[in-house]
Amino acid sequence: MPRLRFASALAALALLPATPAAAAPPWSAPLTVTAGIPQVGEPAIGFGASGRAVLSARLTTQAQRAPSRGFSRLFGQQPGGTFAGRARIVLAAPPAPYAGTRLALLRLPLAEGDRTIGDLERPATSLGYSYARNGGPLEVAVGAYHRLTTRADRDSAAIAANRRGDMIAAWVEHLSGRDHLMAAVRRAGGSFGRPAVLAGTGYVSSPAVAVAVAANGDLLVSYQRSIPGRGGPVQRRVEARVRRAGHSWGAAQRLGASSGFSDISAAAAADGRMVVAWGTQDRGEEANSPWIVRAAVRDGGRHVFHSARQLESSEGIERPAGQVVAAIGGDGAVTVAWSGITGASFPHLYPARAAMAAAGNFRFGGAQTLAPNAAVGDVATDAAATTYVVWATLPQIGSNQTTDQVFASLRPAGEPSFTALEELGPAERATLPRAAVDPVSGRPAVVWVSRPQGGTQLLRFAARTG
């Protein structure tokens, strides 16, 4: 790296808002859930009303079998706090907990665990669901597989559920000259109904589909759609459709522009307040346009979203780090978190940021920098409306991929900013932190993957103890 560029990056790092020192550890010592696995990916965490966590991850047991994606495994938390697992299923999306110990699983056929080059060229697959139960003496118990379709795009599926058992599953089907965005709905105590077409013209990009279910049964689906112009440029946009409890689907609403690729997150509150947040950039092997982060809010009682607000347009032209994530607290405050890109030229920095729209407001305040160089992983809120953002540090200046250590920061309800960061684990090439709140203790828990150089990978878990 040229000395001038390296010095410029160090100067930019020094000019960022100072990061508070790590707080005294209010988190449990990290628990190793599984070890000795060559590759671990796609970690996820959720809680039912019982307070027992359910983890999932994609495990590849033979390191040299590329492009194998391995198989998904579920890990149910036992009374002593340890986890017991079940293997040999293939999840199309993270599990959706509901009720006390129940799970809804969106699944691919078992054969999809080991992908071939031919599979990559032919993405259509069977897609179905199962119900499962967490809380048995040994492991998560998975029920029968029920097929929803035979032509889903294997990378487009999403599922969400609320505590009482209202659910939505969504996916993309590629047809000749157009795409269909499909959705199947289950109401509490019932079964999934016949899938409906929510978008039937243009092209729906995958995996840019996000879903959310409010506590009152309101449903939200957001997606990126491209409409070919008649002799003009392609129109790319992010849209949303809402189905209020007891009603049919509302019309599609255009929320804002897309540059070609979008990372979308959605959340819904019991009073009908909703948020869709997305980061967008051009497609291709290298970035040629800024990384732009936007968010649109829908107030409870309204039938449409407010105009989207731009939260960031990056100074640097580079691919982003981490994810765009969104949540709504019990007090109605909306939080969006993401990693920005600073520095006009390489080496860039990727500051973890968060912005809030207060209850009853659709306008976001200024973004707060939580860490100077980090990949945002997730955001979660507890029953007291305290919001937690988790991320993994980026120790190498200019690198947006190699992460190292997991941290969190919290914002108490009613407060304008996040507090000092909290250390969840050691520097261990940690990546992909995902968070959820235990409804019994009211405290968050986080799962992540440790990828030590030259060793097998670990699935790790920690819970906040205070």
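The values are calculated or read from the model by the stated rules, or taken from the named source; none is laboratory data. Computed from a prediction, not measured in an experiment: that's the story for all the values here. Methodologically, a virtual Cβ is constructed for each residue, glycine included, from the backbone with ideal geometry; neighbour enumeration extends over all protein chains shown.
So, in the range 169-189, how many residues would count as being farther than 12 Å from ALA210 by Cα and small (Gly, Ala, Ser)?
Number of matching residues: 5.
Look at THR419 and say whether it is hydroxyl-bearing (Ser, Thr, Tyr), within 19 Å of the chain's Cα centre (by Cα) and either in a loop (DSSP other than H, G, I, E, B) or closer than 18 Å to ALA371 by Cα (or both).
In short, no.
Find all pairs meeting these conditions: Cβ atoms under 7 angstrom apart; at least six residues apart or on different chains; first residue within the range 96-111 and among the β-branched types (Val, Ile, Thr); second residue modelled with pLDDT under 95 and not in a strand (DSSP E or B).
Between residues of the range 96-111 that are among the β-branched types (Val, Ile, Thr) and residues that are modelled with pLDDT under 95 and not in a strand (DSSP E or B), the close pairs are THR101/GLY48; THR101/SER50; THR101/ARG52; THR101/ASN134; THR101/GLY135.
Does the range 237-256 hold any residues that are surrounded by 15 or more Cβ atoms within 10 Å (Cβ to Cβ) and in contact (Cβ under 8 Å) with a residue 40 or more places away in the chain, and which are they?
VAL238, GLU239, ALA240, ARG241, VAL242, ARG243, TRP249, ALA252, GLN253, LEU255, GLY256, listed by residue number.
Would you point out the residue of the range 184-217, among those that are in contact with a strand residue (DSSP E or B) (Cβ under 6 Å, 6 or more places away or on another chain) and part of a loop (DSSP other than H, G, I, E, B), that is surrounded by the most Cβ atoms within 10 Å (Cβ to Cβ)?
Checking each candidate, the answer is ALA214.
If the requirement is being β-branched (Val, Ile, Thr), exposed (fewer than 15 other Cβ atoms within 10 Å of the Cβ) and either out of contact with any helix residue (DSSP H, G or I) (no Cβ under 6 Å at 6 or more places or on another chain) or on the phi < 0 side of the Ramachandran plot (or both), which of these qualifies: VAL336, VAL275, VAL304, VAL293?
VAL304
Identify, please: which residue in the range 113-172 is modelled with pLDDT of 95 or more, under 21 Å from GLY51 (Cβ atoms) and small (Gly, Ala, Ser) and is, among those, surrounded by the fewest Cβ atoms within 10 Å (Cβ to Cβ)?
Checked the range 113-172; the qualifying residue surrounded by the fewest Cβ atoms within 10 Å (Cβ to Cβ) is GLY165.
Restricting attention to strands (runs of 3 or more DSSP E) lying wholly within the range 274-361, give those where 2 or more residues are under 18 Å from ALA210 (Cα atoms) and in contact (Cβ under 8 Å) with a residue 24 or more places away in the chain.
Of the strands (runs of 3 or more DSSP E) lying wholly inside the range 274-361, those with at least 2 residues that are under 18 Å from ALA210 (Cα atoms) and in contact (Cβ under 8 Å) with a residue 24 or more places away in the chain span 274-281, 292-298, 325-328, 334-339.
Going by what's in this entry, would ARG69 be described as of a type in the set (Lys, Arg), crowded, with 17+ Cβ neighbours inside 10 Å and modelled with pLDDT under 85?
It is true that ARG69 is of a type in the set (Lys, Arg), crowded, with 17+ Cβ neighbours inside 10 Å and modelled with pLDDT under 85.
Which ones in the range 363-398 are farther than 15 Å from ALA327 by Cβ, aliphatic (A, V, I, L, M) and not in a loop (DSSP other than H, G, I, E, B)?
Hits for the range 363-398 are ALA371, ALA374, ALA375, ALA392.
Kindly indicate whether ALA268 is out of contact with any Pro (no Cβ under 8 Å at 6 or more places or on another chain) and farther than 13 Å from ALA208 by Cβ.
For ALA268, the condition - out of contact with any Pro (no Cβ under 8 Å at 6 or more places or on another chain) and farther than 13 Å from ALA208 by Cβ - is met.
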